[in-house]
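The values are calculated or read from the model by the stated rules, or taken from the named source; none is laboratory data. Source: prediction; values computed, not measured. Cβ sites come from the backbone with ideal geometry, for glycine too, and all protein chains shown count toward neighbours. The area values use the complete protein model at the heavy-atom level, side chains included, leaving out ligands, DNA and RNA. Shrake-Rupley method; radii C 1.70, N 1.55, O 1.52, S 1.80 Å.
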Amino acid sequence: MAINGLGIKYDPYQYFKKAQAEKTEKTDSEKPDNVPKKETGELSKTENKAGELKFNNKDELMSYLKQNYKIVAKGMTQISGSYLNRCLKDEEELQRLFDNLEEADRMAEDNEENLEGYQGMQVKIDENGEMTTETYGGSVAVNEGKRLRQIAAAKNPAQIQMVLSLLNTDMSDVKRGREMNMCDDDEIDKVEALIQQAQQKAAEIQSENGGSEDKKEENENDMSFYTTLLM
């Protein structure tokens with residue numbers, strides 16, 4: 001998929017399953033003297049459950065979030081102060097906050113890897129703990145020429161099934177892109193046409209090939225096909 005563009009706003013829960021909050025028993029264990037942090041000092045997602053952490057005030061909580069979530073450390077979040085106060089008193093809401101920020105980190109990483117022209121994102125968590133995000137940059141388009149070359153190069157059932165699998169992924173991407181205003185129905189129509197061509201090629205392979213190629217020919221076909229996957 002090729003991806004570029006800008007100014008997209010969407011609700012992350014439309015595309016990502018929210019992590020299930022894990023509940024643990026509250027204990028009267030000793031409070032930490034300082035804000036919890038990773039020994040390495042590296043920014044990473046917390047491995048601790050909300051019930052194992054205690055914060056005396058919002059500053060301690062925000063320090064912890066900056067230590068453990070890249071999206072916060074990079075200044076890409078706006079979290080309601082009243083909601084932070086609520087999280088200090090409510091273990092379930094605190095875990096919910098952790099889950100939301102973990103999802104936001106995953107979204108940012110996915111955007112960096114897959115959105116060509118990605119410029120950043122803004123995460124907002126309101127007083128009720130509801131998270132919305134705004135992504136800057138990105139549009140979605142199928143690489144039609146590449147998929148056509150792969151369909152043409154496929155010579156056996158396994159290869160054409162691999163192409164169909166790639167096309168199914170393309171279809172998921174463009175449908176998601178349409179919901180995010182990153183593409184229109186034309187891209188979906190392109191993928192549908194490619195899937196039809198791949199299915200037709202699969203039928204031809206099934207009837208004409210029939211496993212009759214010798215080993216040398218199979219190896220040569222494999223080499224040609226896998227070259228198209230890299231192009």
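Residues are listed down the side, and each one gets a yes or a no for (1) more than 21 Å from the chain's Cα centre (by Cα); (2) buried (at least 18 other Cβ atoms within 10 Å of the Cβ):
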{"position": "Q67", "(1), (2)": "yes, yes"}
{"position": "N85", "(1), (2)": "yes, no"}
{"position": "L97", "(1), (2)": "no, yes"}
{"position": "M107", "(1), (2)": "no, yes"}
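Among the residues of region 176-188, the ones that are surrounded by fewer than 18 Cβ atoms within 10 Å (Cβ to Cβ) and at pLDDT below 90 come to 5 in all.
Taking region 75-89 only, how many residues are part of a loop (DSSP other than H, G, I, E, B) and in contact (Cβ under 8 Å) with a residue 24 or more places away in the chain? Of the residues in that region, 2 qualify.
When L166, L229 are checked against the criterion of being open to solvent by 30 Å² or more (accessible area, probe 1.4 Å), closer than 17 Å to E144 by Cβ and modelled with pLDDT under 80, a single residue qualifies: L229. Take the conditions (1) within 30 Å of A193 (Cβ to Cβ); (2) open to solvent by less than 30 Å² (accessible area, probe 1.4 Å); Y118 misses just one of them, which is (2).
Of all residues in region 189-210 being β-branched (V, I, T) and at pLDDT 95 or above, which is surrounded by the most Cβ atoms within 10 Å (Cβ to Cβ)?
If we take residues in region 189-210 being β-branched (V, I, T) and at pLDDT 95 or above, then V191 is surrounded by the most Cβ atoms within 10 Å (Cβ to Cβ).
Suppose the filter is closer than 22 Å to I79 by Cα, in contact with a Leu (Cβ under 9 Å, 6 or more places away or on another chain) and aliphatic (A, V, I, L, M); does M107 pass it? Judged against the criteria, M107 is not a match. Is it the case that E213 is exposed (fewer than 12 other Cβ atoms within 10 Å of the Cβ), at pLDDT below 90 and within 13 Å of K155 (Cα to Cα)? It is false that E213 is exposed (fewer than 12 other Cβ atoms within 10 Å of the Cβ), at pLDDT below 90 and within 13 Å of K155 (Cα to Cα).
Somewhere in region 111-128, is a residue part of a helix (DSSP H, G or I), of a type in the set (D, E, K, R) and closer than 30 Å to I79 by Cβ? Within region 111-128, one or more residues are part of a helix (DSSP H, G or I), of a type in the set (D, E, K, R) and closer than 30 Å to I79 by Cβ.
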